[in-house]
Amino acid sequence: MTRRLSPFLIAMMVIGFVFLYAPIASVVVYSFNSSRLVTVWAGFSFEWYGALFRNEAIGRAAFISFEVALIAATGALILGTLVAYALARYRRFAGRTLFAAMATAPLVMPEIITGLSLLLLFVALEQATGWPEGRGIVTIAIAHITLGVAFVAVIVEARLSSFNRALEEAALDLGAGPARVFFVITLPLIAPALAAGWLLAFTLSFDDLVIASFTAGPASTTLPMVIFSSVRLGVSPQINALATLILIAVAVLVGGANRLVRVR
């Protein structure tokens with residue numbers, strides 16, 4: 001027998017949903033506004049979507065953000081998985097506490113400190129070795145990998161800690177080597193955690209503003225930096241259109257993933 005929700009719980013739920021999603025809904029609605037003023041409705045129009053697709057600066061920044069996010073998410077996944085494996089499978093080794101603290105430090109460290117320290121590191125490396133030559137996509141990707149490794153490590157370590165090691169031991173008893181066990185047994189079973197870590201690292205990189213502002217160069221402006229510089233002068237209807245397109249893309253991806261899970 002199902003219990004009916006009380007009017008109070010229903011009211012609180014409605015208030016919560018309105019508080020969370022009303023601003024997003026207003027952005028979507030005003031992306032179809034023909035007026036240049038985002039707070040004055042002047043009629044339905046696709047004008048700002050056309051202006052958005054003609055905006056080369058936003059297009060170039062979106063491409064850079066997507067490229068950096070792909071590199072950063074993949075790099076963070078590889079390094080974060082190795083860190084998680086070491087922490088989950090080797091409980092005692094010299095410097096483990098320091099290693100764990102350094103690996104997860106970006107989780108609690110303010111981004112402005114991370115960005116400033118990485119900027120100073122890149123400047124010192126350039127003066128000492130000549131690499132990297134200025135700031136650009138490479139430096140942003142390295143900085144975002146540093147941030148993403150901590151999140152991937154926490155997610156994958158939690159999965160490895162609850163992993164049934166009897167499966168690995170059985171494979172070893174049957175003659176499989178450690179490398180084969182890792183790639184054939186361990187990786188497939190922790191694949192959901194790997195996918196979650198990769199997606200989280202991709203989102204963090206694509207959405208980052210503070211660290212990218214410190215490590216980017218004049219020719220490597222990311223999408224959040226372009227949006228922030230545009231919003232400081234007043235919200236443009238093109239930004240509303242861009243936000244709507246991103247929401248649609250996320251909704252399609254999430255819906256497709258849910259559909260795939262249900263089919264399986």
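The values are calculated or read from the model by the stated rules, or taken from the named source; none is laboratory data. These numbers were taken from a predicted model, which means no experiment stands behind them. Cβ placement follows ideal geometry from the backbone for every residue including glycine, while neighbour counts extend to all protein chains displayed.
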Legend entry - Scan of region 235-264 for residues that are free of Cβ contacts under 8 Å to residues at least 60 places away in the same chain and outside any helix (DSSP H, G or I), ordered by number: R264
Legend entry - Odd one out for T186, checked against (1) under 23 Å from V261 (Cα atoms); (2) touching a Leu at 6+ places or on another chain (Cβ under 7 Å); (3) among the hydroxyl-bearing types (S, T, Y): (2)
Legend entry - Lone qualifier among A150, A158 - being surrounded by 19 or more Cβ atoms within 10 Å (Cβ to Cβ), at pLDDT 90 or above, under 24 Å from the mean Cα position of the chain (by Cα) and within 27 Å of Y90 (Cα to Cα): A150
Inset, instruction - Kindly list the number of the only condition in (1) within 19 Å of L200 (Cα to Cα); (2) hydrophobic (A, V, I, L, M, F, W, C); (3) in contact with a helix residue (DSSP H, G or I) (Cβ under 6 Å, 6 or more places away or on another chain); (4) touching a residue at least 60 places away in the same chain (Cβ under 8 Å) that fails for I142. - result: (3)
Inset, instruction - Looking at (1) among the small types (G, A, S); (2) at pLDDT 90 or above; (3) surrounded by 15 or more Cβ atoms within 10 Å (Cβ to Cβ), find the lone condition where S35 falls short. - result: (2)
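Just to be sure I understand, how many residues within region 73-110 are assigned to a helix (DSSP H, G or I) and without any contact (Cβ under 8 Å) to a residue 40 or more places away in the chain?
11
Yes or no: W48 over 30 Å from W131 (Cα atoms), part of a loop (DSSP other than H, G, I, E, B) and in contact with a helix residue (DSSP H, G or I) (Cβ under 9 Å, 6 or more places away or on another chain)?
In short, no.
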Legend entry - Residue under evaluation L70, criteria (1) free of Cβ contacts under 8 Å to residues at least 12 places away in the same chain; (2) hydrophobic (A, V, I, L, M, F, W, C); (3) within 20 Å of L200 (Cα to Cα), criterion not met: (1)
Inset, instruction - Kindly indicate whether any position in region 32-44 is assigned to a helix (DSSP H, G or I) and farther than 30 Å from I155 by Cα. - result: no
Legend entry - From the options A171, A219, residue that is over 30 Å from V29 (Cβ atoms) and not in a helix (DSSP H, G or I): A219
Legend entry - Residues that are in contact with a Ser or Thr (Cβ under 9 Å, 6 or more places away or on another chain) and surrounded by fewer than 17 Cβ atoms within 10 Å (Cβ to Cβ), drawn from region 211-229: G217, F228, S229
